[in-house]
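One structure below.
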Amino acid sequence: MIPVFDGHNDFLLRLLRDPARREEIWLTGEGEGHLDLPRMKAGGFVGGFFAIYIPSPMPHDAPDFEEMMNHPPYHLPLPDPVPLEDAVPVALAMAGHLMWMERTGTLQICRSVADIRAAMAAGKIAAVMHMEGAEAIGPDLDALHVWHAAGLRSLGPVWSRPTAFGHGVPFAFPSGPDTGDGLTAAGKDLVRECNALKIMLDLSHLNEAGFNDVAALSDAPLVATHSNAHAITPSARNLTDRQLGVIRDSGGMVGLNYATVFLAETGKKEAFSGWDPVLRHLDHLIGQLGEDHVGLGSDFDGATVPADLGDVAGLPRMLDALAAHGYGAELIEKLAHRNWLAVLERTWGH
């Protein structure tokens, strides 16, 4: 079985919402969602980026976003910013769940590529602590150093809604990513400090102006952990060919997002059958970036995924589809894990 190291998942959000049942959810597997330890083992999932994400409060009169995303065109309103004092306890709780997972002996929080390789060799899930949206960090950046000491090695300045650091893209189709202002002064300081600490910066939810600011400031490879090709699916969340070229030239990479809403040419969220949209995006990403700069960034437990994939146990079916499409064994291994480890070595060092 080919090992898969993945660019993004939202499993910690499930534990946040049901902490009393975390042993059943993680260790035993309850059959819900996309991820748990038994299904990871069944699918060859050896590790990846585990997101700390602050969910937005949803008002009672909020529109039915699921319904809207199945009837394009749409432009979903962004939630309000989350105050620092509200974000911090939620982020700490999610980090606590990840550390509990490590204490079970089944997972290792990895701070280096050597840690990832050691965890894989030991049969443990190799977890990179990632922050999706920097709401739990104040503009003085003191908390960034606290989180780094706790194991944070990857950070996205925004999850679509605005933060003290920048602006994200809305969930909109059809739409380009040029949707607003770039990084704030605090956001530019955040980029410089992440570079100094060797925390990988994730561009996936940034708008185009913010993307350009990171590209101009950062001395590290540019990475979008879970994004797709705008040329195939013109969602605001997907990357234009110009952006892909900038990522390629920096020595960075893009992780393919399995969310149907970013894969389907129609922009619809509903699960589809077959592998054609997945293959079309991968073909385009590889054509623009090259074979060494594309990986997998599932968005498991945070998205609707293709019906034939189903959950993490379906990964071998997807890799079989890549082989049937004509991808060779070496390319499939690069996509599955080797490219992620290589870009992390370029970002963190050995």
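The values are calculated or read from the model by the stated rules, or taken from the named source; none is laboratory data. Just so it is clear, the structure is predicted and the values come from calculations on it, not from any experiment. Heads up, the Cβs are rebuilt from the backbone with ideal geometry, glycines too, and the neighbour counts pull from every protein chain shown. All accessible areas refer to the heavy atoms of the entire protein, side chains included, with ligands and DNA or RNA removed. Shrake-Rupley method; radii C 1.70, N 1.55, O 1.52, S 1.80 Å.
Contact map, the range 1-14: residues that are farther than 13 Å from residue 294 by Cα and modelled with pLDDT under 95 paired with residues that are assigned to a strand (DSSP E or B) and open to solvent by 10 Å² or more (accessible area, probe 1.4 Å), Cβ distance under 8 Å, separation 6+ or inter-chain. No pairs are found. Evaluate the following for residue 45: is it crowded, with 20+ Cβ neighbours inside 10 Å, touching a Gly at 6+ places or on another chain (Cβ under 6 Å) and touching a residue at least 60 places away in the same chain (Cβ under 8 Å)? Answer is no for this residue. Taking the range 28-47 as the range and being in contact with a Pro (Cβ under 8 Å, 6 or more places away or on another chain) and assigned to a helix (DSSP H, G or I) as the test, the residues that pass are 28, 43. Scanning for something under 20 Å from the mean Cα position of the chain (by Cα) and aromatic (Phe, Trp, Tyr), does the range 50-58 turn up at least one residue? So far as the range 50-58 goes, yes, one or more of its residues are under 20 Å from the mean Cα position of the chain (by Cα) and aromatic (Phe, Trp, Tyr). The residues of the range 208-232 that are part of a loop (DSSP other than H, G, I, E, B), surrounded by fewer than 24 Cβ atoms within 10 Å (Cβ to Cβ) and of a type outside the set (A, V, I, L, M, F, W, C), listed by number, are 218, 219, 221, 230. Comparison of 150, 196, 186 shows that the only residue that is open to solvent by 30 Å² or more (accessible area, probe 1.4 Å) and either touching a residue at least 24 places away in the same chain (Cβ under 8 Å) or over 25 Å from residue 279 (Cβ atoms) (or both) is 196.
Evaluate the following for residue 245: is it out of contact with any Lys or Arg (no Cβ under 9 Å at 6 or more places or on another chain), outside any loop (DSSP other than H, G, I, E, B) and either at pLDDT below 95 or surrounded by 24 or more Cβ atoms within 10 Å (Cβ to Cβ) (or both)? Steps first, answer last, please.
Details: out of contact with any Lys or Arg (no Cβ under 9 Å at 6 or more places or on another chain): yes; outside any loop (DSSP other than H, G, I, E, B): yes; either at pLDDT below 95 or surrounded by 24 or more Cβ atoms within 10 Å (Cβ to Cβ) (or both): no.
Answer is no for this residue.
Of the residues in the range 125-141, at least one is under 21 Å from the mean Cα position of the chain (by Cα), in contact (Cβ under 8 Å) with a residue 24 or more places away in the chain and more than 28 Å from residue 187 (Cβ to Cβ). Residues in the range 271-309 that are at positive phi and in contact (Cβ under 8 Å) with a residue 40 or more places away in the chain: 3 in all. For the range 153-167, the set of residues classified as open to solvent by 10 Å² or more (accessible area, probe 1.4 Å) and in contact with a strand residue (DSSP E or B) (Cβ under 9 Å, 6 or more places away or on another chain) consists of 153, 159, 162, 167, listed by residue number.
For residue 309, the test of being part of a helix (DSSP H, G or I), surrounded by 16 or more Cβ atoms within 10 Å (Cβ to Cβ) and aliphatic (A, V, I, L, M) is failed. For the range 256-263, does any single residue satisfy the condition of being on the phi < 0 side of the Ramachandran plot, open to solvent by less than 50 Å² (accessible area, probe 1.4 Å), aromatic (Phe, Trp, Tyr) and over 19 Å from the mean Cα position of the chain (by Cα)? Scanning the range 256-263 turns up no residue that is on the phi < 0 side of the Ramachandran plot, open to solvent by less than 50 Å² (accessible area, probe 1.4 Å), aromatic (Phe, Trp, Tyr) and over 19 Å from the mean Cα position of the chain (by Cα).
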